[in-house]
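A short reminder: the numbers here are calculations on the coordinates, not readings from a lab. What you see is a predicted model, and the numbers here were worked out from it, not measured in a lab. Cβ sites come from the backbone with ideal geometry, for glycine too, and all protein chains shown count toward neighbours.
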């Protein structure tokens, strides 16, 4: 028995869709991110409750649905609460994949339910699209998770005859998809899912290094499009609106991230097939550098007028955000103009550094975007690079052969002095040396970032 009439359910779906739109608006700014997250969760809760109250479940179906929701919650809530900030992109990747996979499975189920009926070409076409793209997103997202987690290498994996296989999988996907759209055959739907899984693997395996987060964003857009297609096939307004929002925002984010790295989306996806993709490296340089001690760094910072801290993934790995915030607070208390220079792709996802520093209650006004901080670099006395490498590497401006050439960077080399906090001389994800490390105006403080910064803060109190 339906407790909510269809017309009332549609109005409530509209309210949930408004929550999703306001959530995206809130997430566009650090100040509104928490509120946006809560609005998104509220919209999802409203949608789930509305489905339960407006659907006529038969027999054991309701128990099955509630059991599935319970199992999913039991898995997802602890995972989300316990995930480390450094592993947040992996969690996002898995969530993306689950969404795409769910849309693909629902598509196959819809084909099975339509057997013996005539659902219409629009519905079967949308379902075929959801199955193909959703299964692509599923396996692609799982592989990006494994790459970022270190379960498989983050370097590009190019299988033999990768390009012809990718073209063949794409042609097969389109061909089988057309057959599904024309016939609505459920077994062809299963074949289409298998083709989508294969295409997802072929699409993601050649991507490596710093390109992986961008592919996660692209797969997020794929998942959104599959949800929208499912909404079209099932005449569900909320799925259509929510999927379109995710697809559009994911596409915009993908383009923005690629632009921030000075790369094209096609170059990111297919660069390794011609030897041009960004790849990780394990090589360690043995060139000499000027080593610093914590006391040296403290003295340099204490007598500077302007200091810029550039955080990177190493800061996240060391969980050093609270200590770096303590350092900047101590410097500002001494009258030093100390701020943070935030590169849009520092870390493993857009906003990664903003979120980390927000955990340490860093005021938003101290977070300065790359373009604005670059304008102040010539008048900056000291730049402190904490666990970042590629985003301050001058090769992005000077070396046309570098994989990061053309990527906008923070121009740390234009400041008076540079202090690097690094564990070792390993290069960044791009797999190339940073010549700034060997500059006569650069000092390198080796060690765990959290421990090193703690020592610098302690020494600063003695200056």
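For the chain, I need the span (max minus min coordinate) of the C-alpha atoms along each principal axis, in Å, sorted largest to smallest.
Here the spans come out as 81, 51, 34 Å, largest first.
Express in nm, to one decimal, how much length is gained between residue 441 and residue 248 on full extension, taking 0.36 nm for each residue of separation and deducting their alpha carbon distance.
Numbers: separation 193, 0.36 × 193 = 69.48 nm, distance 4.49 nm.
Gain on stretching residue 441 to residue 248: 65.0 nm.
Helix-only estimate, please: 222 nm mean residue ellipticity of the chain, summing -39500 (n - 2.57) across DSSP H runs of length 4 or more and dividing by its residues, to the nearest 500.
One gets -19500 deg cm²/dmol as the mean residue ellipticity at 222 nm.
Pulled fully out, how much extra length does the chain show between residue 161 and residue 399, if you take 0.36 nm times their separation in residues and subtract their Cα-Cα distance?
Going from the current span to full extension adds 82.6 nm.
How far, in degrees from 0 to 90, does helix 162-183 lean away from the longest principal axis of the Cα atoms of the chain, to the nearest 10?
30
Give the share of C-alpha pairs in each 5 angstrom bin for the range 51-92, from 0 to the last occupied bin, in whole percents, shortest bins first.
Result, from short to long distances: 5, 19, 19, 15, 12, 11, 10, 6, 2 percent.
For the range 183-224, max minus min Cα coordinate along each principal axis, in Å, sorted largest first?
That gives 41, 21, 9 Å along the principal axes, largest extent first.
For the range 325-345, list residues with backbone N below 19 Å from a point placed 7 Å from the Cα of residue 305 toward its Cβ?
Within reach of a label on residue 305: 331-340.
Be a star and scan the range 60-79 for residues whose amide nitrogen sits under 16 Å from the point 7 Å along the Cα-to-Cβ vector of residue 49.
none
For helix 237-260, report the angle its Cα long axis makes with the longest principal axis of the Cα atoms of the chain; keep it between 0 and 90° and round to the nearest 10°.
Here the helix axis deviates by roughly 30 degrees.
Listing 232, 114, 187 from the residue with the fewest other Cβ atoms within 10 Å to the one with the most, what is the order? Provide the component values of the computation, followed by the final result.
Values: 232 21, 114 18, 187 12.
Least to most surrounded, the residues fall as 187, 114, 232.
Percentage of Cα-Cα pair distances in the range 1-82 greater than 21 Å, rounded to whole percent?
When every Cα pair of the range 1-82 is considered, 45 percent fall beyond 21 Å.
Step by step: find N for the range 365-412, compute 2.2 N^0.38 Å, then divide the Cα radius of gyration by it. What's the final number?
Its radius of gyration relative to the 2.2 N^0.38 Å reference: 1.19.
Taking Rh as the Kirkwood radius computed over C-alpha pairs, what is the Stokes-Einstein D of the range 127-186 at 10 °C in a medium of viscosity 1.306 mPa s, expressed in µm² per second?
My calculation gives 119 µm²/s for D.
Per residue, how big is the convex hull around the C-alpha atoms of the range 106-231? Give it to me in cubic angstrom, could you?
Output value, Cα hull per residue: 91 Å³.
Using Stokes-Einstein with the Kirkwood hydrodynamic radius over Cα pairs, what translational diffusion coefficient do you get for the range 294-460 at 10 °C and a viscosity of 1.306 mPa s, in µm²/s rounded to a whole number? Spell out each step's value before the answer.
Details: Rh = 15.5 Å.
Once the numbers are plugged in, D ends up at 102 µm²/s.
Compute the distance in nm between two label points, each set 7 Å from the Cα along the Cα-to-Cβ direction, one at residue 76 and one at residue 256.
It works out to 2.4 nm between the two label points.
Contour minus end-to-end for residue 87 and residue 118, with contour as 0.36 nm per residue of separation and end-to-end as the Cα-Cα distance?
So the chain would gain 6.6 nm between residue 87 and residue 118.
Label points 7 Å out from Cα along the Cβ direction at residue 295 and residue 170: separation in nm?
Rounded to a tenth, the inter-label distance reads 6.2 nm.
Given contacts defined as C-alpha pairs under 8 Å and at least six residues apart, what's the relative contact order of the chain, whole-number percent?
That works out to 14 percent.
Return one number: the angle in degrees, 0 to 90 and rounded to the nearest 10, between the long axis of the Cα atoms of helix 449-460 and the longest principal axis of the Cα atoms of the chain.
40
Once you place label points 7 Å from the Cα toward the Cβ at residue 61 and residue 6, how far apart are they in nm?
1.4
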